[in-house]
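The values are calculated or read from the model by the stated rules, or taken from the named source; none is laboratory data. What you are looking at is a predicted structure, and each value in this text was computed from that prediction instead of being measured. When we count neighbours, we look across all protein chains shown, and the Cβ atoms used for this are built from the backbone with ideal geometry, even at glycine. Note: accessible area is taken over every heavy atom of the protein model, side chains too, but ligands, DNA and RNA are not part of it. Shrake-Rupley method; radii C 1.70, N 1.55, O 1.52, S 1.80 Å.
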Amino acid sequence: MKFVLNKFDTEINFIDKFVDFPPVHKIVIIDKYIHKLYKSKLDLFLKDTPTYLFEATEANKILAEVENIYSFFIKNKVNRESVVIGIGGGITTDVTAFAASTFKRGCRLQLIPTTFLGMIDAAIGGKTAVNFNGIKNNIGTFYPAEKVIINTEFLKSLSDIELKNGWVECLKVSLIVDNGLYEILKNNNIIVTSEIIEKAIQIKVMHCENDLHDSGERQKLNLGHTFAHLIESASDYSVKHGEAVAIGVRKAADYSHKEKMITSDELKAINEIYDKYKLPKTISHEIKNKINVKGKKLIQQDKKAGKKVKLVLFRGLFDVVVKEIDDYKKIIDLMIQ
Ligand SMILES: NC(=O)c1ccc[n+]([C@@H]2O[C@H](COP(=O)([O-])OP(=O)(O)OC[C@H]3O[C@@H](n4cnc5c(N)ncnc54)[C@H](O)[C@@H]3O)[C@@H](O)[C@H]2O)c1
């Protein structure tokens, strides 16, 4: 996987950064909203390139939409040498990558993430996905993009809510390994810098490069995710992934503290960084009630759960461990308290 990261404060000419593609047959799947927003800047790049405008919603991250993309590929004579380029947030890059990985058993794939979350997480590490049967990311493949182009210019149009989703993942990885990111975030004025993006990507890559298929080291990145999936399912996805993970990391810290795996000072340090970035800490009574009633079933549905739940817990401030837990009640009790 190759990364191209533009420096944050430089004047960026979109086209200059994009035209370095080899002159091959290329096809673009782009978030419809990004296309509208950046049309004039992308015009030259998209000129003479078949461009599929994708409505980036969770409801649209489905097999039926992938079939539409396959039809678009066929219409535009995509073959295994063609470069499929996904431009958008995680929904768009997940769907694009899934379609590219399965069409003719795999085409070339390049991604241009446009959200903070996409830049440090969704476009990195090769997981592709669609939602199926009411379960998020139920179907997918492992298929790393050959190139990920990060142009921080896109972040200027990102809403505060979407920026927050990125911060959640960024804070999460800063707590898993100490590569200096936590300290930068502690002293930062809640501004995304290229240094922050680079360091967050470094931690993600560190965990994925030797464990593409998520059977070992990579599982540490699921910190907070068991709790988060529970919240997302119980809320019928009205709680965004980022919000759910923010609460999930706090719950993982609470759980670790209860099990005497971290000290009160370490728990405080974890909560303080999430407080600084004003990230959510609680769920509504309605969601708590749903978790109380349907929690066990929802945990069992979690695609990563076998008989036991794999819970990522803190063993220290920059040290996490994957534990297999068969006592769902402990998780549910912690969620509804
Ligand atoms: N593959 C992975 O490893 C991985 C990791 C994390 C998340 N994900 C997936 O990513 C998805 C969430 O992705 P996301 O939060 O990056 O964004 P998104 O694709 O959900 O987009 C969120 C919204 O922001 C808009 N948007 C995108 N870029 C913008 C920009 N530059 N300016 C203004 N608006 C913009 C989109 O049109 C959309 O309305 C989820 O489906 C999740 O499952 C995948």
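Among the residues of the range 269-280, the one identified as loosely packed, with under 13 Cβ neighbours inside 10 Å and under 20 Å from the mean Cα position of the chain (by Cα) is 278. Please work out which residue is most open to solvent (accessible area, probe 1.4 Å), limiting yourself to the range 106-165 and to residues that are acidic (Asp, Glu) and within 16 Å of the chain's Cα centre (by Cα). Among residues in the range 106-165 that are acidic (Asp, Glu) and within 16 Å of the chain's Cα centre (by Cα), the one most open to solvent (accessible area, probe 1.4 Å) is 162.
Screening residue 175 on (1) within 15 Å of the ligand (Cβ to nearest atom); (2) in a helix (DSSP H, G or I); (3) in contact with a Phe, Trp or Tyr (Cβ under 7 Å, 6 or more places away or on another chain) shows it passes everything except condition (1).
Evaluate the following for residue 71: is it more than 9 Å from the ligand (Cβ to nearest atom) and without any contact (Cβ under 8 Å) to a residue 24 or more places away in the chain? Spelling it out, residue 71 is indeed more than 9 Å from the ligand (Cβ to nearest atom) and without any contact (Cβ under 8 Å) to a residue 24 or more places away in the chain.
From the list 307, 329, the one residue that fits, being touching an Asp or Glu at 6+ places or on another chain (Cβ under 9 Å) and either modelled with pLDDT under 95 or assigned to a helix (DSSP H, G or I) (or both), is 307.
Within the range 168-183, identify whether any single residue is without any contact (Cβ under 8 Å) to a residue 24 or more places away in the chain and hydrophobic (A, V, I, L, M, F, W, C), and answer yes or no. Scanning the range 168-183 turns up at least one residue that is without any contact (Cβ under 8 Å) to a residue 24 or more places away in the chain and hydrophobic (A, V, I, L, M, F, W, C).
Would a scan of the range 167-176 turn up a residue that is open to solvent by 10 Å² or more (accessible area, probe 1.4 Å) and among the basic types (Lys, Arg)? No: zero hits.
Answer with yes or no whether residue 204 is surrounded by fewer than 18 Cβ atoms within 10 Å (Cβ to Cβ), within 10 Å of the ligand (Cβ to nearest atom) and of a type in the set (Lys, Arg). Against the criterion (surrounded by fewer than 18 Cβ atoms within 10 Å (Cβ to Cβ), within 10 Å of the ligand (Cβ to nearest atom) and of a type in the set (Lys, Arg)), residue 204 does not qualify.
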